[in-house]
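The values are calculated or read from the model by the stated rules, or taken from the named source; none is laboratory data. This one's a predicted model, so the numbers in the text were calculated from it and none came from an experiment. Using ideal geometry, Cβ is built from the backbone for each residue, glycine included, and neighbour counts are taken over all protein chains shown.
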Amino acid sequence: MRADLDCPLRRGAWYEVRRLRPPEAVVDVIGERVSVPRSALEISTAPPRRWSVVPRPKNPARFPGVGEYAVCPNCRERVPLTERLALMECRRCKEISDVAWDEAYFTEE
């Protein structure tokens, strides 16, 4: 996602796109189809190869205890970020990958 929206999609996640039209995309979220503004999504034909960095939510009161975290490109495990590492090893799958600090996933609205 490119924006911090109030919707059931998890930031930094990878979803299957079911339908793509100019104003919106319909994605599969755990078996349910959810409409999302197309402009809020980053649409790609391949999953990421680096850890995705997900910034703290705009409204932290809705997500207490959630700060900046990274998403493993291999297994999608979420890991809180406590330091700015160039490489990270996933605690679940043990994959070692670069961290995508240079990619901006969210735009200010």
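Among the residues of the range 76-91, which ones are surrounded by fewer than 12 Cβ atoms within 10 Å (Cβ to Cβ) and under 14 Å from the mean Cα position of the chain (by Cα)?
Within the range 76-91, Pro80 is the sole residue that qualifies.
Assess whether Val53 counts as being part of a strand (DSSP E or B), at pLDDT 90 or above, farther than 22 Å from Ser97 by Cβ and in contact with a strand residue (DSSP E or B) (Cβ under 8 Å, 6 or more places away or on another chain).
In short, no.
Inside the range 58-70, can you point out the residues that are within 12 Å of the chain's Cα centre (by Cα) and at pLDDT below 85? Before you say what the answer is, go through the steps one by one.
Quick first cut of the range 58-70, residues within 12 Å of the chain's Cα centre (by Cα) only: 68-70.
Correct list: empty.
Looking at the range 56-98, which of its residues are part of a strand (DSSP E or B) and closer than 26 Å to Asp6 by Cα?
Of everything in the range 56-98, those that are part of a strand (DSSP E or B) and closer than 26 Å to Asp6 by Cα turn out to be Tyr69, Ala70, Val71, Arg78, Val79, Pro80.
Can you tell me which residues in the range 1-47 are touching a helix residue (DSSP H, G or I) at 6+ places or on another chain (Cβ under 6 Å) and in a strand (DSSP E or B)? It would help to see each step written out before you state the result.
Of the residues in the range 1-47, the ones touching a helix residue (DSSP H, G or I) at 6+ places or on another chain (Cβ under 6 Å) are 1-3, 5, 24-25.
Glu24, Ala25, listed by residue number.
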